[in-house]
Amino acid sequence: MDIKEAIRSGLKEFILPELDSIKNENREISIKLDMTNKRLDDINLHLVDQSRRIDETNNRIDETNNRLNRLYEVIVRREEHEKLEWRVIRLEEDVTFLKEKITA
């Protein structure tokens, strides 16, 4: 039994410290993993918040684009109105000229 005890003692002497070291490293890795998961959760919350803000900004941009589209329509109508007004004035001048030419 001395050989058995000697082998057991030798194994304890070499393997147990290594097992303790592995257990400690495992605890440290577990702690770091928990911290990393917490950080990832924080980043995910931040990304969700950023996404919400981007959606709100996009909605405001859409609103602004709709207003600009309506403004453009009004401006185009105004320009068309001014062109038509100018053409009516020219036609009135032409009619006046033709009337004067006929009566002369």
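FYI, it's all coordinate maths here, none of it is from the lab. All values derive from a computational prediction rather than experimental measurement. Quick reminder, even Gly has a Cβ in these numbers, built from the backbone with ideal geometry, and neighbours come from all protein chains shown.
Brief remarks follow.
- Where labels lie 7 Å past Cα in the beta-carbon direction, separation of residue 52 and residue 28 in nm: 3.9 nm
- For the chain, the residue among 30, 7, 66 whose Cα projects farthest onto the positive side of the dipole built from Cβ charges is 66.
- Distance in nm between pseudo-label sites at residue 5 and residue 94 (7 Å out along the Cβ direction from Cα): 12.9 nm
- Scalar couplings 3J(HN,Hα) for region 53-66, obtained by applying the Karplus form with A = 6.51, B = -1.76, C = 1.60 to θ = phi - 60°, are 5, 4, 4, 4, 5, 4, 5, 5, 5, 4, 4, 5, 4, 5 Hz; x denotes Gly and Pro.
- Backbone N within region 28-58 under 20 Å of label point (7 Å from residue 64 Cα along the Cβ vector): 50-58
- Size of electric dipole in the chain: Cβ of Lys, Arg +1 and of Asp, Glu -1, about Cα centre, debye, nearest 20: 180 debye
- For residue 23, a cut-off of 19 angstrom between C-alpha atoms picks up these lysines, skipping any fewer than 8 places away in its own chain: 12, 32.
- Surrounding net charge for residue 19, when Lys and Arg each add one and Asp and Glu each subtract one, Cβ distance under 14 Å: -1
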